[in-house]
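Notes to accompany the following structure.
The values are calculated or read from the model by the stated rules, or taken from the named source; none is laboratory data. Keep in mind that this is a model prediction, so the values were computed, not measured. Cβ placement follows ideal geometry from the backbone for every residue including glycine, while neighbour counts extend to all protein chains displayed. Note: areas computed on protein heavy atoms with side chains; ligands, DNA, RNA excluded. Shrake-Rupley method; radii C 1.70, N 1.55, O 1.52, S 1.80 Å.
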Amino acid sequence: MEEIELKILEIDKEEVEKRLDEIGSSKVFESGILSELYRFENKDIIGDEGLIRLRIRDDKSFVTRKMASEQSDSDLKIKKEIEFDVDDPEEVRNFFKSIGLTKTLENHKKRVKWVKDDVEVVLDKHEGIPWFLEIEADSKEEIKEMVEDLGYKMDQTVALGALELLNRYD
């Protein structure tokens with residue numbers, strides 16, 4: 001699956017949620033999330049794009065592998081993504097260790113997820129980082145429309161991955 005997304009940093013969470021409600025979006029969940037990033041020490045195994053993430057929410061856990069996409073767009077972050085639910089995060093950690101994956105980062109955040117049609121908008125808050133939003137959709141046009149529906153312009157967006165975002169505020 002292709003993941004196409006962008007972020008808008010340092011938002012007013014209450015104003016964005018008010019606007020999401022006004023345009024007919026539905027709040028899907030609000031939860032704390034623990035993300036653990038893993039990678040092989042030997043990058044020859046799966047290359048520089050070799051991050052694997054274990055994410056644990058209040059109601060479910062899942063593993064994600066993101067890879068470079070053949071598509072590119074300087075305005076968007078586009079990645080191939082494989083993701084599946086897991087029942088036992090501790091068993092996943094044991095499995096990762098057994099195949100040589102090392103945890104490189106552990107991060108806690110608050111997340112509120114909204115959906116309108118096939119467009120996802122998540123509002124995230126990491127410790128030490130102001131609230132920001134991420135818009136994910138199947139096309140640039142859908143993303144651009146949501147950006148505008150929320151009262152923003154494309155020149156207010158950034159195409160940052162999670163590590164780039166964390167490093168920006170480090």
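Here's a check for you: in region 137-158, which residue that is buried (at least 16 other Cβ atoms within 10 Å of the Cβ) and free of Cβ contacts under 8 Å to residues at least 40 places away in the same chain is nearest to Asp75 (Cα to Cα)? By that ranking, first place goes to Lys144.
Run down Val122, Val115 and say which single residue is over 20 Å from Val63 (Cα atoms), in a strand (DSSP E or B) and either open to solvent by 50 Å² or more (accessible area, probe 1.4 Å) or not basic (Lys, Arg) (or both).
On the way: Val122 fails: over 20 Å from Val63 (Cα atoms).
Answer to the selection: Val115.
In this entry, Leu165 passes the filter for residues that are surrounded by 12 or more Cβ atoms within 10 Å (Cβ to Cβ) and not in a loop (DSSP other than H, G, I, E, B). Hey, does region 100-122 have a residue that's under 26 Å from Glu41 (Cβ atoms), of a type in the set (Val, Ile, Thr) and more than 19 Å from the chain's Cα centre (by Cα)? Checking region 100-122: at least one residue is under 26 Å from Glu41 (Cβ atoms), of a type in the set (Val, Ile, Thr) and more than 19 Å from the chain's Cα centre (by Cα). Looking across region 18-34, the residues that are assigned to a strand (DSSP E or B) and either closer than 17 Å to Trp131 by Cα or at pLDDT below 95 (or both) come down to Lys27, Phe29, Glu30, Ser31, Gly32, Ile33, Leu34. Taken over region 85-100, the residue count meeting the criterion of being over 19 Å from Asp59 (Cβ atoms), among the hydrophobic types (A, V, I, L, M, F, W, C) and not in a helix (DSSP H, G or I) is 1. The set of residues from region 27-41 being surrounded by fewer than 16 Cβ atoms within 10 Å (Cβ to Cβ) and in contact with a helix residue (DSSP H, G or I) (Cβ under 9 Å, 6 or more places away or on another chain) comprises Lys27, Leu34. Of the residues making up region 42-79, those that are assigned to a loop (DSSP other than H, G, I, E, B) and either modelled with pLDDT of 75 or more or under 23 Å from Met146 (Cβ atoms) (or both) are Leu51, Asp58, Asp59, Lys60, Ser69, Gln71, Ser72, Asp73, Ser74, Asp75, Leu76.
Just name the residue that is most open to solvent (accessible area, probe 1.4 Å) out of those in region 57-66 that are out of contact with any Asp or Glu (no Cβ under 8 Å at 6 or more places or on another chain) and not basic (Lys, Arg).
Taking region 57-66 as the starting set, the residues that turn out to be out of contact with any Asp or Glu (no Cβ under 8 Å at 6 or more places or on another chain) are 57-59.
Filter once more, keeping what is not basic (Lys, Arg): 58-59.
Numbers: Asp58: 128, Asp59: 106 Å².
Per the criteria, the residue is Asp58.
All of (1) farther than 21 Å from Glu3 by Cα; (2) open to solvent by 40 Å² or more (accessible area, probe 1.4 Å); (3) touching a residue at least 12 places away in the same chain (Cβ under 8 Å) hold for Glu91 with one exception: (3).
Have a look at Glu134, Glu127 and point out the one that is of a type outside the set (Gly, Ala, Ser), crowded, with 16+ Cβ neighbours inside 10 Å and under 18 Å from the mean Cα position of the chain (by Cα). So that I can check it myself, show each step before the final result.
On the way: Glu127 fails: crowded, with 16+ Cβ neighbours inside 10 Å.
Unique residue meeting the criteria: Glu134.
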